[in-house]
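J.: Okay, here's the structure, questions in a sec.
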Amino acid sequence: MEPLLELQGLTIDFSGLRALSNITFNSNAGEVCAVIGPNGAGKTTLFNAISGYVPSKNGSISFKGEPIQGLSPHEISIKGIRRTFQNGGLFPEMTALENVLTGLHVHIKSSFFGTIMGLGEARDAEREGLARSRRLLKLMDLDDIADQPAKDLSGGQQRMLEIVRTLATEPPLLLLDEPVVGLSPPMRERMMEIIRRLAGEEGIGIMLIEHVIDLVMSGSDTIIVLSSGELIAKGPPVEIRQNHEVLEAYLGHS
Amino acid sequence: MISQKTVRLSFYIFLLLLLIIPFITNEYLLWMVNTMLVYTLVTLGFNILIGNLGQLVFANTAFFGIGAYTTAILMVYTGVPYFIGIIASALTGGLAGFLASVTALRGIRLYYLAIITLAFGELMRWVYLHGDKVTKGSDGLLMPHSSFLGIPLDSEVPKFFVFLLLTILVIKATSNLMKSKIGRAIVAIRENEATTASLGIPTANYIILAFVWSGAVVGIAGAMFAVLTERVLPESFGLTEVIVHFGMVLVGGTGSIIGSVIGAITLTALPEYFRQFPGLDELFFGIIIVVILLFLPKGLVSLLWYVSPAFKERYYKE
């Protein structure tokens, strides 16, 4: 089976400072792949490089066998890689419903002229998007807060909403930057359950950055360990747990 | 709480009531109403960039002046009908919007964007003053008699009906645009540009679109202004003017179409009212703006939110 995402010797420099060095790995559909490592290891930079937010100098990134390097973030998103952001990427003044509708942007096919004139085709496309957004919110038990501005939602609801919005277009690959940060332990479990279900039932490839090691160990199929911009280990949780290099770099003891 | 349906019904009744205005006012009051209609579009266009896109773009007087001079120059020198002048003003206003968008696309934001776009407005005023072979410099360009689709615009009454029609059409088109995926993309850029791109939205295209639409709307207002004042002067498009436009956006409510209408009406009516207190009029005007913004930071439109949530700006249609 062809890997969903393929990185070959990816290297990123920030004005002379090496942020990522020679990163090579594959990620598959239906697999939860966790990226761990101490602060400053280059985890978010890796996500930024895959999603087109930082240009990569050397190496290659392919998605479904097609090179995506040099594409802009919105082009990569349209290809099917969607991501969330560490500091929350919701549109705070927009309602939950409007946030999801905006996530469906590329699916709503309406012409500029039709929109201005309020023609039937544009209205139908918008209505379809609206119905779908409501369905998605209901699916995640967020239908009660559909008309609330995103900024008024609780931390847990905001995280859920961001995932709903990211999933709206059914992307084949999802990059989640710390999806459970700020959530209570039961909410964390629930979020991981949803992530597992998306990979297992929907066959979505999921990469996530996470600091809660227990969740990573129990919830992921593969773990990638970064340290000072280098990939020091990759494998299933059982292997990583016993890897001496990882224990030394990440947990500070062996 | 008043339902959305009631709000919509009262809106249509309000529109019908507007039609009787010419029969219950005199020429002076009707001139003021016509000025309000012009400024409604001035504010509506400005608000797209300030409120919806959330960028400090102060090129509004440039768009306004370019619109007014386009219609005036075309009508004076080529004798085209007013209708063509309006379309041309929308096009040149849109083009000016496109030119102004280059600054924002190059990553210039906040105060830098504000000062560069202010300079654009002043630069255009210099052009009107020094391009006197065409613009007649500080004397201004006297408008010929105009008519709109056969109706002569020789008094305030026909001007009122033409302006009202234009204003309603432009508001409706803008409302359709803002309540669609296009309007949502523009607001999303204001809220978080990086995230917007991650949803597959080409942010640069929507920034350009917001600028062009804003320029075109204010350009049409310029074409109306030319007919309203009958003489197009460089002084009408100075720095003080852009501050008044900005005041209308803030007093009405940023990012709100109804707010734009309220802001334009309020800040056109108040200075006229205060003229009866010579020497104190500017002081009163200033105090009123300060008081409104102090107690209603979201503008006068926020008062309507207490009446019905239907007045809140939504970026989709049920």
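J.: Spot the failing condition for B:TRP126; the list is (1) surrounded by 16 or more Cβ atoms within 10 Å (Cβ to Cβ); (2) more than 24 Å from A:MET94 (Cα to Cα), and only one is missed.
T.: Evaluating B:TRP126 over (1) surrounded by 16 or more Cβ atoms within 10 Å (Cβ to Cβ); (2) more than 24 Å from A:MET94 (Cα to Cα) leaves (1) as the failure.
J.: May I ask you to say which residue of B:LEU49, B:LEU37, B:LEU44 is modelled with pLDDT of 95 or more and closer than 21 Å to B:SER146 by Cα?
T.: B:LEU37
J.: Answer yes or no: is there a residue in the stretch B:264-271 that is over 30 Å from B:HIS145 (Cβ atoms), buried (at least 24 other Cβ atoms within 10 Å of the Cβ) and within 15 Å of the chain's Cα centre (by Cα).
T.: The answer is yes; a qualifying residue exists.
Conditions tested, residue by residue: (1) at pLDDT 95 or above; (2) surrounded by 14 or more Cβ atoms within 10 Å (Cβ to Cβ); (3) touching a Gly at 6+ places or on another chain (Cβ under 9 Å); (4) among the small types (Gly, Ala, Ser).
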site: B:ALA88; (1), (2), (3), (4): yes, yes, yes, yes
site: B:ALA104; (1), (2), (3), (4): no, yes, no, yes
site: B:GLU122; (1), (2), (3), (4): no, yes, yes, no
site: B:LEU153; (1), (2), (3), (4): no, yes, no, no
site: B:LEU165; (1), (2), (3), (4): yes, no, no, no
site: B:THR174; (1), (2), (3), (4): yes, yes, yes, no
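J.: Run down A:PHE85, A:PHE47 and say which single residue is at pLDDT below 95 and aromatic (Phe, Trp, Tyr).
T.: Details: A:PHE47 fails: at pLDDT below 95.
Result of the check over A:PHE85, A:PHE47: A:PHE85.
J.: Additional query: For B:LEU169, are the conditions met, namely being within 14 Å of another protein chain (Cβ to nearest Cβ), surrounded by fewer than 13 Cβ atoms within 10 Å (Cβ to Cβ) and under 30 Å from B:PHE11 (Cβ atoms)? Before you say what the answer is, go through the steps one by one.
T.: Details: within 14 Å of another protein chain (Cβ to nearest Cβ): yes; surrounded by fewer than 13 Cβ atoms within 10 Å (Cβ to Cβ): yes; under 30 Å from B:PHE11 (Cβ atoms): yes.
Criteria met by B:LEU169.
J.: Now, a different point. If you check A:GLY70, A:GLY37, which single one turns out to be in the same structural domain as A:ILE195 (by TED's automatic domain parsing), farther than 20 Å from A:MET160 by Cβ and buried (at least 23 other Cβ atoms within 10 Å of the Cβ)? Quick ask: steps written out before the conclusion?
T.: On the way: A:GLY70 fails: buried (at least 23 other Cβ atoms within 10 Å of the Cβ).
Going through A:GLY70, A:GLY37 in turn, just one is in the same structural domain as A:ILE195 (by TED's automatic domain parsing), farther than 20 Å from A:MET160 by Cβ and buried (at least 23 other Cβ atoms within 10 Å of the Cβ): A:GLY37.
J.: Determine the pairs where a residue that is surrounded by 18 or more Cβ atoms within 10 Å (Cβ to Cβ), located within the stretch A:123-147, has a partner that is polar (S, T, N, Q) with Cβ atoms under 8 Å apart, the partner being 6 or more residues away or on another chain.
T.: Every condition considered, the pairs that remain are A:ALA125/A:SER110; A:GLU126/A:SER110; A:GLU126/B:SER180; A:LEU142/A:GLN157; A:ILE145/A:GLN157.
J.: For the stretch A:85-104, indicate whether the set of residues that are under 30 Å from A:LEU130 (Cβ atoms) and aromatic (Phe, Trp, Tyr) is non-empty.
T.: yes
J.: Give the number of residues within the stretch A:38-95 that are in contact with a strand residue (DSSP E or B) (Cβ under 7 Å, 6 or more places away or on another chain), in a helix (DSSP H, G or I) and within 14 Å of another protein chain (Cβ to nearest Cβ).
T.: Residues meeting the conditions: 5.
J.: With respect to B:PHE83, is the statement that it is within 20 Å of the chain's Cα centre (by Cα) and more than 18 Å from B:VAL242 (Cα to Cα) true?
T.: In short, yes.
J.: Another question about this same structure. Here are some conditions: (1) assigned to a helix (DSSP H, G or I); (2) without any contact (Cβ under 8 Å) to a residue 40 or more places away in the chain. A:LYS151 meets all but one. Which one does it not meet?
T.: Here A:LYS151 clears every test but (2).
J.: Of the numbered conditions (1) surrounded by fewer than 20 Cβ atoms within 10 Å (Cβ to Cβ); (2) within 22 Å of the chain's Cα centre (by Cα), A:ALA96 satisfies every one except a single condition; which is it?
T.: Of everything listed in (1) surrounded by fewer than 20 Cβ atoms within 10 Å (Cβ to Cβ); (2) within 22 Å of the chain's Cα centre (by Cα), A:ALA96 misses just condition (1).
J.: Here is a further query. Going through the stretch B:145-161 one residue at a time, which ones are in contact (Cβ under 8 Å) with a residue 24 or more places away in the chain and touching a Leu at 6+ places or on another chain (Cβ under 9 Å)?
T.: Within the stretch B:145-161, B:SER146, B:SER147, B:PHE148, B:SER155, B:GLU156, B:VAL157, B:LYS159, B:PHE160, B:PHE161 meet the criteria.
J.: Taking B:THR195 as the residue in question, decide whether it is surrounded by 21 or more Cβ atoms within 10 Å (Cβ to Cβ), within 29 Å of B:LEU29 (Cβ to Cβ) and within 12 Å of chain A (Cβ to nearest Cβ).
T.: No, not satisfied.
J.: If you go through the stretch A:97-147 one residue at a time, how many are among the acidic types (Asp, Glu), within 11 Å of chain B (Cβ to nearest Cβ) and out of contact with any helix residue (DSSP H, G or I) (no Cβ under 8 Å at 6 or more places or on another chain)?
T.: Step one: filter the stretch A:97-147 for residues among the acidic types (Asp, Glu), giving A:98, A:121, A:124, A:126, A:128, A:141, A:143-144, A:147.
Okay, now just the ones that are also within 11 Å of chain B (Cβ to nearest Cβ), so A:98, A:126, A:147.
With out of contact with any helix residue (DSSP H, G or I) (no Cβ under 8 Å at 6 or more places or on another chain) added as a condition, the list becomes none.
Number of matching residues: 0.
The values are calculated or read from the model by the stated rules, or taken from the named source; none is laboratory data. Keep in mind it's a predicted model, so treat the numbers as computed, not measured. For neighbour counting, all protein chains shown are included, and Cβ atoms are generated from backbone atoms with ideal geometry for every residue, glycine included.
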